[in-house]
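A short worksheet on the structure shown next.
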Amino acid sequence: MLSDLSNNEFLVLKAISEGLSDPQSIAEKRQMKIEAARAAADLLAEQGLIQVDKSVNETFSLTDEGAAYVREGLPERRLLLSLGGGMHMSEVKDPALKIGLGWLRKKGWAAIEGGMIKPLKDADKGEDELILEALSDGVSSNPKWDEKALAALKSRGLVTSSKSKEWRYIITEAGSLAITKLEPKRSGTKNAVLDMPALTAEMIKSGEWQDDVDGLYLGYRGSVYRPRPYDVSLPADRIFPGKRHPYQRLIDNMREIMLEMGFVEIKGPIVQTSFWNFDALFQPQDHPAREMQDTFYLNSQGDIPDYARIKEMHECGGSVGSTGWGGCWSPEVARQEVLRTHTTGVTIKYLAEHPRPPVKAFGIDRVYRREAIDSTHTPEFEQLEGIVMDESVSFCHLLGILKEFYGKMGFEEVRFRPGYFPYTEPSVEPEVYIDGLGWVELGGAGVFRKEVTAPFGIDHPVLAWGLGVSRVAMLRLGLKDLRLLYQSDIEWLRQTPVSIKL
Ligand SMILES: N[C@@H](Cc1ccccc1)C(=O)O
């Protein structure tokens, strides 16, 4: 047990053995914080090496009135002095003296008969007067003071008191024994522990420290070193260095690949008008994806650009040989604001602002859909969106770019299945092969239809794709539950090594 004393415990125990008994003076002597001294003392008490007395200490002080009475005398004392052989009550005019009347009687210094006040005996100085004098001399408490007199002084408002808790440490027999055992026996030095030289690497190497202090302690400037055997085979504490979120690392990795491939990064707002999210992409206004069950609508309307050509394209196909969707296209519906359901709204807007080739842009951003939450669906997730527009790009280039991108991401086998999106023709769904899972769909891609590009004056083919980034994260990080990406699950974050290849 003794060999388990910490340095602080030893220092505090030693201070107590030398006669210090309160945390404040121990802390001062040992130059430690009072909290540290208390904590060490608590541990010593737990081991039975010291005893802790917790007492409540009451101290007293004079009020202004009390101080005035010390100078002038209590009213009853002054009244007594002014009585002479006796005096009628009506003759006591001074209100300061009148206060003394009741006390005069109570203290038995005078009797009152038929209105006459008669002094009874020589009035010795009372306990209360002695206490007042002591207080005025700077004494703040004394166990011998008469309780009743104190209480009376307090009730008269001449004295106030305050209570404080006090800890007193007393060394036990076991404690004294421990000190004698632990104290290094160095002849000729009174305070051996505190006079020791600093422990240096050389002293440890040469073994000199052992000769010096019986292998027990080495102290320097009030600190004590107690060499203990060091077991290098013990498991070390796990440490958790700060690191970037694995999902963020994956996203950054994807961003780097796109930048390396010569794309510029673009960004767009989360809240968009239905115009950019749907209409500009030739999604009919009665398309199921636009319904409330699928899309988060905001209770607000946004600005939309000149829509004549979009309206014409939706209603009758414009000048590109399309028939359009028919019906009546409503600008009110297009003004409805939504949380973007895909990042394709960001790229079409960028294209509308940059209708001349070449354009090679990408964005990685969060999108929102009204999904019921489960292990493979969350209402918010990330997409990587890309577009390429140039004079002679073709569907083949699209497949090549996607293959290249997936390859750089570490997916070696890629295939394309026919797909359908209202804004692309042809459309494909890229799939990658994962051991143990088979072919996994990873997004959508295609060449923008003329119905999409023509209203914005874009005359060249546009290759476009959108990939589910969280899907990729699931595959890369081996997650069974997509929700982990969006929760601060500290254990999972700790366990995901920084070295994981994303
Ligand atoms: N926007 C589509 C993906 C896509 C983008 C571009 C072209 C074709 C498809 C989606 O969210 O699934």
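The values are calculated or read from the model by the stated rules, or taken from the named source; none is laboratory data. Note that the coordinates shown come from a computational prediction; the quantities given were computed from them, not determined experimentally. Neighbour counts are summed over all protein chains in view; Cβ atoms, including those assigned to glycine, are modelled from backbone coordinates with ideal geometry. Heavy atoms of the whole protein, side chains included, go into the accessibility calculation; ligands, DNA and RNA do not. Shrake-Rupley method; radii C 1.70, N 1.55, O 1.52, S 1.80 Å.
State to the nearest 20 debye the size of the charge dipole of region 247-495 about its Cα centre, where the only charges are +1 on K and R beta carbons and -1 on D and E beta carbons.
Using Cβ point charges on Lys, Arg, Asp and Glu, region 247-495 gives about 160 debye.
Simple rule: put +1 on each Lys or Arg Cβ and -1 on each Asp or Glu Cβ in the chain, find the dipole, and look at ALA39, PRO331, TYR406; the Cα lying farthest toward the positive end is ALA39. Note on ARG78 and ARG244: the model spin-label points, each 7 Å out from Cα along the C-beta direction, lie 8.4 nm apart.
Show GLU391, GLU441, GLU315, GLU332 ordered by accessible area, largest first, where the area counts protein heavy atoms only and the probe is 1.4 Å.
GLU391, GLU332, GLU441, GLU315
Residue by residue, region 108-118 carries 3J(HN,Hα) couplings of x, 7, 8, 10, 10, 10, x, x, 8, 9, 10 Hz when phi is fed to the Karplus relation 6.51 cos²θ - 1.76 cosθ + 1.60 (θ = phi - 60°); x denotes Gly or Pro. Computed packing ranks the peptides 349-355, 368-374, 137-143, 265-271 as 349-355, 265-271, 368-374, 137-143, most packed first, by mean other Cβ atoms within 10 Å.
Surface composition of the chain: carbon and sulfur make up 51 percent of the accessible area, probe 1.4 Å.
The modelled label-to-label distance for the pair ASP231/ILE112, using points 7 Å beyond Cα in the direction of Cβ, is 8.4 nm.
When the surface is traced with a 1.4 Å probe over the full set of protein chains, GLU65 keeps roughly 80 Å² accessible. For HIS460 and GLN301, the difference between the fully extended length at 0.36 nm per residue and the C-alpha to C-alpha distance is 54.0 nm. Only Lys, Arg, Asp and Glu carry charge here, each on its Cβ (+1 for the first two, -1 for the last two); on that basis the chain has a dipole of about 1240 debye about its Cα centre. The residues of region 247-495 expose on average 46 square angstrom of accessible surface per residue, using a 1.4 Å probe on protein heavy atoms. Full extension of the chain segment joining SER375 with GLU65 gains 103.9 nm, where the gain is 0.36 nm per residue of separation less the Cα-Cα distance.
Against the chain, whose longest principal axis comes from its Cα atoms, helix 344-353 is set at around 70 degrees.
Using heavy-atom solvent-accessible surface (probe 1.4 Å) with all chains present, what is the largest-first order of LEU49, LEU475?
In descending accessible area the options line up as LEU475, LEU49.
Quote the FRET efficiency, to the nearest 0.05, computed for SER162 versus LYS29 with a Förster distance R0 of 30 Å and r equal to the Cβ-Cβ distance. Provide the component values of the computation, followed by the final result.
Numbers: r = 27 Å, r/R0 = 0.89.
FRET efficiency, SER162 to LYS29: 0.65.
On full extension, the segment bounded by ASP137 and GLU202 gains 17.4 nm, given 0.36 nm per residue less the C-alpha separation. Taking a ≥ b ≥ c as the square roots of the eigenvalues of the alpha-carbon gyration tensor, the chain is classed oblate because a/c is 1.5 or more while a/b is no larger than b/c.
Per residue of the chain, the DSSP helices (runs of n ≥ 4 H) give a summed -39500 (n - 2.57) that works out to -10000 deg cm²/dmol at 222 nm.
Amide H neighbours of VAL462 under 5 Å, counting only residues 5+ apart in sequence or on other chains, H built in-plane at 1.01 Å? Amide H to amide H, under 5 Å and 5 or more residues apart or across chains, VAL462 pairs with PHE448. Legend: residues ILE26, ILE204, sorted from most to least accessible area (1.4 Å probe; ligands, DNA and RNA excluded), read ILE204, ILE26.
The residues packed around TYR368, meaning those with a beta-carbon under 15 Å from its beta-carbon, carry a net charge of -3 if Lys and Arg are +1 and Asp and Glu are -1. The mean sequence distance of close C-alpha pairs (under 8 Å, at least 6 residues apart), as a share of the length of region 341-430, puts its relative contact order at 22 percent.
Within the full protein context, the accessible area of THR453 is estimated at about 10 Å² for a probe radius of 1.4 Å.
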